[in-house]
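**Q** If you scroll down you'll find the structure; I have some questions about it.
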Amino acid sequence: MTSIASVTLEVADPTAADRFYDAAFGLGPKLRLRASEEATSGFRGFTLSLTVAQPATVDGLVGSALAAGATTLKPVSKSLWGYGGVVQAPDGTIWKIATSAKKNSGPATRDIDAIVLLLGVEDVKASKQFYVGQGLTVGKSFGGKYVEFEDGAGAGPVKLALYKRAALAKDAGVPEDGAGSHRIVLGSTAGSFTDPDGFAWEAASLATSE
């Protein structure tokens, strides 16, 4: 089964980005960085979500991200689905930190239950068919609105999901307009390819840190 073996963010300053992510989220080897000066502007078409166990952990991670230099896109708040907020890292990557729990069950930790990469696509059904053709298995599907794929055997730490681009931008609190590089490369257990929306996948062995 095809899966995400790694996620590499392309950033202008890998040293500064590494320092930020270590202080903000402590992701370590779960997130890779490489230098890039490719032009990019506006919404890059994806967000990364950190799912945690309770509101106190959301507050702690958002607080550490802001202290390390992130900016707020959506302040932390309660909603029908739980509790969370959205921040933007200094390198431009958008991060949502959230929990489905509405009450704390213990002291705050920095434990992250799951990392979800949401790709904003123009045609969810077409992109779903493309990824099934690449060997991914659908876990959840809600028509042309949202698709979530299952983790493969020996999968990396990141789950992949598809969302309409306009809806994803709205969820992140940014305009949907954007151009240039996505500034993200996915390591694949199925080799190299590019999806219908221009997201690049590399063979896992090629997606290395720099």
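**Q** Which of the residues belonging to region 23-36 are modelled with pLDDT under 95 and either over 14 Å from the mean Cα position of the chain (by Cα) or of a type in the set (Ser, Thr, Tyr) (or both)?
**A** GLY26, GLY28, PRO29 - these are the residues of region 23-36 that are modelled with pLDDT under 95 and either over 14 Å from the mean Cα position of the chain (by Cα) or of a type in the set (Ser, Thr, Tyr) (or both).
**Q** Consider region 106-135. How many of its residues are among the acidic types (Asp, Glu) and surrounded by 13 or more Cβ atoms within 10 Å (Cβ to Cβ)?
**A** Matching residues across region 106-135 total 1.
**Q** Can you pull out every residue in region 46-59 that is surrounded by 21 or more Cβ atoms within 10 Å (Cβ to Cβ), touching a residue at least 60 places away in the same chain (Cβ under 8 Å) and not polar (S, T, N, Q)?
**A** Correct list: PHE46, LEU48, LEU50, VAL52.
**Q** Would region 92-109 turn up any residue that is of a type in the set (A, V, I, L, M), in contact with a Lys or Arg (Cβ under 6 Å, 6 or more places away or on another chain), touching a residue at least 60 places away in the same chain (Cβ under 8 Å) and under 30 Å from GLY144 (Cβ atoms)?
**A** The answer is no; no qualifying residue exists.
**Q** Can VAL62 be described as under 25 Å from TYR163 (Cβ atoms), touching a residue at least 40 places away in the same chain (Cβ under 8 Å), buried (at least 19 other Cβ atoms within 10 Å of the Cβ) and among the aliphatic types (A, V, I, L, M)?
**A** No: the conditions fail for VAL62.
**Q** Could I ask something else about it? Out of all the residues in region 1-17, which are surrounded by fewer than 16 Cβ atoms within 10 Å (Cβ to Cβ) and either within 28 Å of ASP113 (Cβ to Cβ) or in contact (Cβ under 8 Å) with a residue 12 or more places away in the chain (or both)?
**A** Result: MET1, ALA12, ASP13, ALA16.
**Q** Of everything in region 83-126 that's out of contact with any Phe, Trp or Tyr (no Cβ under 9 Å at 6 or more places or on another chain), among the small types (Gly, Ala, Ser) and modelled with pLDDT of 95 or more, which residue is farthest from ALA53 (Cα to Cα)?
**A** ALA126
**Q** Now a separate question. Just checking, which of LYS170, LYS159, LYS145, LYS140 is in contact with a helix residue (DSSP H, G or I) (Cβ under 7 Å, 6 or more places away or on another chain) and either surrounded by 13 or more Cβ atoms within 10 Å (Cβ to Cβ) or among the charged types (D, E, K, R) (or both)?
**A** The unique qualifying residue is LYS145.
The values are calculated or read from the model by the stated rules, or taken from the named source; none is laboratory data. Bear in mind that the values here come from a model prediction, so they are computed numbers and not experimental data. When we count neighbours, we look across all protein chains shown, and the Cβ atoms used for this are built from the backbone with ideal geometry, even at glycine.
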